[in-house]
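First up is the structure itself, then whatever we jot down about it.
The values are calculated or read from the model by the stated rules, or taken from the named source; none is laboratory data. None of the values given here were measured: they were computed from a predicted structure. Every residue, glycine among them, receives a Cβ derived from its backbone with ideal geometry; neighbour counts consider all protein chains shown.
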Amino acid sequence: MSIAMKVVAAILIFVVGRWLAQLVTNLARKGFQKTGMEDTLEKFLGNMLSAVLLVVVIIAAIGALGVQTTSLLAVLGAAGLAVGLALQGSLSNFASGVLIVAFRPYKVGDFIEAAGVAGTVKEVQILTTIIHSPDNKKILVPNSQIMAGTIINYSANDTRRLDMIVGCSYGDDLDAVRKLLNELVASDERILKEPAPTVEVVALADHSVNFVVRPWVHSGDYWAVHFHLHEQVKKRFDAAGLNIPFPQRDVHVYQQRAGS
């Protein structure tokens, strides 16, 4: 076979093989979805399968050029060792990606805080985790950085506790303040009855008597209840004639007369 024919054959093998590899990957992903596999694992395995098939296609295309694939594999093995040493960071990211999929500290759709960023996990790739921040920025975080630090998963549990500090004046009736805060918490249907919310005096501060308000809510309701309660505290305090103290400073100006 002439060189031109070998080149044409190699190109055809690469083009068709790449198309078949993509087809097989898509079929595999659909199969994973039908089995009810978690999105994180499904996407990770799909990316792995796509990469492996692409390598097979490239080797087959090179073989069509007349290159001995056995010796090529030996060369690739030696080159792979050298590249691996040079790309230790990438290998670390790959290993961390495997650990993330295996131990599942988070999954697609979870809101997490890790490696100095916070947001919703969109995809766990071979080397990176894609996170969308609350202001809709796309952040690619190396997997090794995530596994090397602390991971806070806000979506792991169904419920969360909302922690608020509400201050009242030293001249206010503490029993009236406690009653108002308990009524406010009880009036919101999104706040869970169990565990029971906590409303207690937590500190005698410089300018105020501080109450801690700790209701439990479903994780999906956290921020809505957080915003609503803070607004309602201000409105209810105003209506009841209660005060929310704030630091104040009196400034005295002394004027010295000339010649005195």
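Restricting attention to the range 97-123, the residues that are out of contact with any strand residue (DSSP E or B) (no Cβ under 8 Å at 6 or more places or on another chain) and surrounded by 13 or more Cβ atoms within 10 Å (Cβ to Cβ) add up to 3. Listed conditions (1) without any contact (Cβ under 8 Å) to a residue 40 or more places away in the chain; (2) within 11 Å of G167 (Cα to Cα) are all met by S208, apart from (1). Comparison of V217, V225 shows that the only residue that is in contact with a helix residue (DSSP H, G or I) (Cβ under 9 Å, 6 or more places away or on another chain) and either β-branched (V, I, T) or not assigned by TED's automatic domain parsing to the domain that holds E183 (or both) is V217. Does the range 58-73 include one or more residues that are loosely packed, with under 12 Cβ neighbours inside 10 Å, modelled with pLDDT of 70 or more and either of a type in the set (D, E) or farther than 30 Å from Q145 by Cβ (or both)? Yes, the range 58-73 contains at least one residue that is loosely packed, with under 12 Cβ neighbours inside 10 Å, modelled with pLDDT of 70 or more and either of a type in the set (D, E) or farther than 30 Å from Q145 by Cβ (or both).
Are any residues in the range 195-248 touching a Ser or Thr at 6+ places or on another chain (Cβ under 9 Å), within 15 Å of L174 (Cα to Cα) and assigned to a strand (DSSP E or B), and if so, which ones? Across the range 195-248, the qualifying residues are V209, V212, V213.
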